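In what follows, a structure is listed as structure tokens, so that the remarks can point back to it.
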Amino acid sequence: MDFKEFLDSKEFVLLDGAMGTLIQKSGVKYDSVPETLNITHPELIESFHKAYAEAGSDIVYANTFGANGYKLKESGYSVDEIIKSGVENAKKAVLGTDCLVALDIGPIGQLLEPAGSLSFDSAYEYFKEQIVAGQDADVIVFETMTDLYELKAAVLAAKENSDKPIIATMTFERNGRTFTGVSPAAMAVTLTGLGVDALGVNCSLGPDELEGVVSEISKYTDLPLVIKANAGLPDPNSNEYDILPDKFADCVADLLKYGVKIIGGCCGTTPEYIVEIKKMLADKSYQPQKKSVDTTVCSASTVVEINGPRIIGERINPTGKKLFKQALVDNNIDYILTQALSQVSGGAEILDVNVGHPEIDEKKMMVRVLKAIQSVCDAPLQIDSTKPDVLDSGLRYYNGKPIVNSVNGEEKSLSTVLPLVKKYGASVVGLTLDENGIPKTAEGRFEIAKRIVSRAEKLGIDRRDVYIDCLTLTVSAEQDACRETLKALHRVKTELGCKTCLGVSNISFGLPNRELVNRTFLTMALEEGLDLPIINPNVESMTGAVRAYRVLSGIDKNSVEFINAYNDAAPAVTSAPKNTEVDIFTAVYNGLKSEGAAVTKRLLETTDAMQIVNEMLIPALDKVGDDFEKNKIFLPQLIQSANTAQECFEVIKNHISKTSGSPVSKGKIILATVKGDIHDIGKNIVKVLLDNYGYTVVDLGRDVDPQLVVDTAIEQNIKMIGLSALMTTTLKSMEDTINLIRQTKELQNPDGTSKCVVFVGGAVLTEDYAMKIGADYYCKDAKESVDTAKRVLG
Amino acid sequence: MIKLEKLNRNEAVRYLGGSGIALNYRMDRLMDECEKEIIAKSSPKYLYVERDLPFEELMQGEDIKNHLDGCEKAIVMCATLGAEIDKIIRINQISDMAKAVVLDSFASVAIEQVCAKFDEIIAEKYEGYFQTFRFSPGYGDYPIELQKSVLSMLDAPRKIGLATNENSLLTPTKSVTAVMGLSKTPIDRKKRGCAVCNMRDRCKFRRNGEHCGF
């Protein structure tokens, strides 16, 4: 069956109403989950479907909503049994009618990372199992979803394991967001990109409260919309819902103007509701809506519309950055996250992410970094790699609609990158170069741009999702090239109707006062139609130029954004008390970060770096640690002091790497929160302190597999390992991890003793227990971890 | 709907391990900032069902039976501050660890205050009943694995976005599940005593001769 034809053949498509409500009303009892009724009471379930089909439903949902491997674990039935019988019951009920049967799939019931600990891949596997079992259904429906990431796993599982049409609906709260913070716009943009057949909302609210969400969705998609609302709110005593069938139908009628075509009911609705909706629809016609917002990228919570210059932050990129490369090698994700957060606060609206480095597995790193950034930062991301397999993985695990950086005019690039862009519904940067290099003339680059756009369109990628980069060349080497770049940019913008993108900083290579050249070039390019400048947003003059341009070209209406950006900033700069007279001790003891850095810089002019470390910084930290132990100061104060010391260490590290080249480290330590445990704040506090005492911490994060701890210790030859567990339930994982460390041959001395020193901590641990599970040290708090590190590594 | 308006700062100070430490100006400011942020970013939600006693489900171990002994009804409940709180604590662990620690303390205070308000709601609704304190999976011999059963009984993942992971840890993390007993006759209103607490051997408060206050 061609679903599009099916949709086109009908003015409206009627879904069914609630299954749960009918089950409840019937009074039938079930163990564990209502889906077991498919097997224990097939006639009853069949009769519900029949009632809906007779009421006028064009599609009925099989009773398979919660039939996933997680929820069915204790039911005594397999996913296959429950789903097959569910689909069969529905098929029997609609036999001899035109009514279709949908495989109904709800959320798994566990939260995905980062809010929970279920991985994207595990979610995919749960959905795949359901989809394979439900292949006799005509349509696949995902509903009541609250996490866009989970829904993406579901849609991919459907696309990759079936050719059935897909309807996807999410559940929004009164604040217009889902529980996990997904916005209706981000949902519409992402799902449209992924290629579902219809999308919309179900459950949670009544149709009278859905107008905001539905109208928002309609702005971001051309697809037919779905509404399956609740019958209002349940009365807490009687559990009866407060919107009756005729009122329900009236409320739905008000929403048709947003392009709603597929309509049913959720909790509290019954066949009478479907009858009323059908009556209401009799004299109405479908009003398809064209989306009004084009050219968007998004995360799960934030949509950025490219309707004027938007800043792409360029700093997550190891090229030419020693510290960044080191961070990649050390798996220091926090360093990269700091870069992400500071760029966003600097004014970046999209972040480029490039983690290409010969010494690491770029594909793994890309996925890890994308997930980590998305766990703390709402800005949409641009996945930047020259390797198609890295792009593929990045696209798969990204939550939202990203930009791919990049495709170019080479046949190999066009034929490998563009299909990925299409599959995952992304946007793409098109570089105007090909097998023959970068054309010298604007004409040549324009021709390549045309070629890229036409290839993209052939694959069904909208040209508005292709951002052409006419390439910035170094003006000190080829002075005329700047004009050609700008000319090409202008033509792409006006003749092809594509958005444009440009890495700006290259222009000034080899010249003095690069910032001035960069800023001037940026302003020129903006005037020629540049939409996406890729810049360092923490260079205030660059970000400022973009902001000012938005005001001067009338994009920033009433200068609102401009005023917001600068109104607060001005007084902050002047009022910050800059006590230049403090010494390092005072700065560290009181946690005065910028003062600490400034005074360290001054001291380095006259004092040896190691002398500063050993005679000033460490004693100051020791005093703070001592006061903490004596209950004179709070933990946050200890941390603030440690962070100040960190600033001082950074200054010293930079100084040393300039003068001698090798950074100081007192030794490497692995830290991990054990498998299954997601409470990692304690481990992170320990990390801050160890960092600040000059140790290099390899932080493996939370929910860490024992094998990863062992592998990292072997790979990086690390002798000290810290493990944390916060719950009694995860102490077992701690024990398993220690056992694995002790049993691994590579981590043993020739005499069979262990090479590694293991220290452990966490709220539920005791010294006795720590010793019992084979740890070398028990540390009751972060301070004691530092003392232990001193004892072991010096 | 429960709305938080003010958080108990003394409690937050206690979670930070600092009863008796004077707050200096910067700590004071940080506390203010974090209290506001937790209130602004919390979206407290709760669910409960009432069950007549005795009932079979959720009755594992001796402690829960003792706890509900003499009660006619039980209230099975869960509550959460929502996922946004975990997110801001996560972000601050990158950008400002000191603040993350203070946020974490206030978030713990906040979920406890939500539960206290829940107790009041139940007291009002079940006038004439005496309530026991909230007994949670993980207390005494009451298996923590029952968190999943409580949540699925309440349809919590779907209704308020509260779930457990494979190790029975609640997600979002600032959340609670519990069972409370109701009785028409005055019951020996058990205090949330150290005797049933499985932290009793390693409790920071007990070590200092204090009580956590639950």
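Listing for the model above:
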read-out: P(r) tail fraction, the stretch A:228-367 - alpha-carbon pairs more than 21 Å apart, %; value: 65 percent
read-out: Rg over Rh [alpha-carbon atoms, Kirkwood Rh] for the stretch A:377-462; value: 0.99
read-out: Cα-derived Rg over Rh, computed across the stretch A:203-286 with Rh taken as Kirkwood radius; value: 0.97
read-out: Directionally averaged projected area (convex hull, Cα atoms, chain A), nm²; value: 39.3 nm²
read-out: Shielding by partners - mean other protein chain Cβ count within 10 Å, residues of A:637-649; value: 3
read-out: Cα centroid separation - the stretch A:727-786 against the stretch B:88-119, whole Å; value: 29 Å
read-out: Per principal axis, descending, Cα span of the stretch B:1-135 in whole Å; value: 53, 31, 29
read-out: Dipole of the stretch B:23-75 [Lys/Arg +1, Asp/Glu -1 at C-beta], most positive-end residue of B:ILE64, B:PRO44, B:ASN24; value: B:ASN24
read-out: Lys, Arg +1 and Asp, Glu -1 on Cβ, resulting dipole of the stretch A:218-343 about Cα centre, debye, nearest 20; value: 780 debye
read-out: Intensity falloff of the stretch A:445-565 expressed as log10 I(q)/I(0), Debye formula with alpha-carbon point scatterers, at q = 0.13 Å⁻¹; value: -0.56
read-out: Size of charge dipole - the stretch A:43-103 - debye, nearest 20, with Cβ of Lys, Arg +1 and Asp, Glu -1, no other charges; value: 140 debye
read-out: Span-like helix ranges in chain B, DSSP H, alpha carbon extent 27 angstrom or more, Kyte mean at least 0.0; value: B:97-125
read-out: Within-15-Å neighbourhood charge of A:ALA348 [Cβ basis; K, R +1; D, E -1]; value: -4
read-out: Net dipole in debye of the protein assembly as shown [+1 Lys, Arg Cβ; -1 Asp, Glu Cβ; about Cα centre; nearest 20]; value: 1900 debye
read-out: Number of partner chain Cβ atoms within 10 Å, mean per residue of A:629-635; value: 6
read-out: Pairwise label distance in nanometres, A:ASN614 with A:ARG602, each label 7 Å out on the Cα-Cβ vector; value: 2.5 nm
read-out: Sparsely packed trypsin sites (Lys or Arg not before Pro) within the stretch A:589-680, loop by DSSP, other Cβ within 10 Å at most 11; value: A:LYS630
read-out: Degrees separating the helix A:148-161 axis from the principal Cα axis of chain A, which is the longest one; value: 60 degrees
read-out: All lysines inside 20 Å of A:LYS440 as judged from Cα atoms, apart from same-chain residues fewer than 8 positions distant; value: A:LYS450, A:LYS487, A:LYS493
read-out: Relative packing of A:686-692, A:38-44, which averages over residues the other C-beta atoms within 10 Å, highest first; value: A:686-692, A:38-44
read-out: Positive-end extreme of charge dipole, chain B - chosen from B:ILE89, B:ALA178, B:PHE55 (charges on Cβ); value: B:ILE89
read-out: Shielding by other protein chains, B:97-110, mean Cβ within 10 Å; value: 4
read-out: Net charge contributed by nearby residues that have their C-beta within less than 14 Å of A:ALA18 (K/R +1, D/E -1); value: -3
read-out: Compactness relative to 2.2 N^0.38 Å, alpha carbon Rg of the stretch A:310-465; value: 1.05
read-out: Kirkwood-based Rg to Rh ratio, the stretch A:699-788, C-alpha trace; value: 0.94
read-out: Chain A: angle of helix A:120-133 to the longest principal axis, Cα-based, in degrees nearest 10; value: 20 degrees
read-out: Chain A: angle of helix A:184-194 to the longest principal axis, Cα-based, in degrees nearest 10; value: 80 degrees
read-out: Pairs from A:LYS29/A:LYS152; A:LYS10/A:LYS50; B:LYS45/B:LYS65; A:LYS401/A:LYS557 whose Cα-Cα separation, in the structure shown, is over 24 Å; value: A:LYS29/A:LYS152; B:LYS45/B:LYS65; A:LYS401/A:LYS557
read-out: Peptide ranges A:316-325, A:102-111, A:168-177 listed from the most packed, as the mean C-beta count within 10 angstrom indicates; value: A:102-111, A:168-177, A:316-325
read-out: At 0.692 mPa s and 37 °C, Stokes D of the stretch B:1-81 from Kirkwood alpha-carbon radius, µm² per second; value: 202 µm²/s
read-out: Selection from A:GLY394, A:ALA725, A:ILE670, by position along the positive dipole direction of chain A (Cβ); value: A:ILE670
read-out: Net charge over other residues, Cβ less than 11 angstrom from the Cβ of A:ASP208 (K, R count +1; D, E count -1); value: -4
read-out: Order of A:MET365, B:MET1, A:MET720 - criterion: other Cβ atoms within 10 Å of each residue's Cβ, fewest first; value: B:MET1, A:MET365, A:MET720
read-out: Relative packing of peptides A:4-16, A:153-165 - highest average C-beta neighbours within 10 Å first; value: A:153-165, A:4-16
read-out: Nearby lysines by direct alpha-carbon distance to B:LYS41 (threshold 21 angstrom, same-chain neighbours under 8 apart not counted); value: B:LYS3, B:LYS6, B:LYS87, B:LYS99, B:LYS117, B:LYS159, B:LYS174
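Read-outs: derived from the displayed coordinates by stated rules, not from any lab. Predicted model only: the values in this text are computed from it and were never measured. Virtual Cβ from ideal backbone geometry, glycine too; neighbours counted across all protein chains shown.
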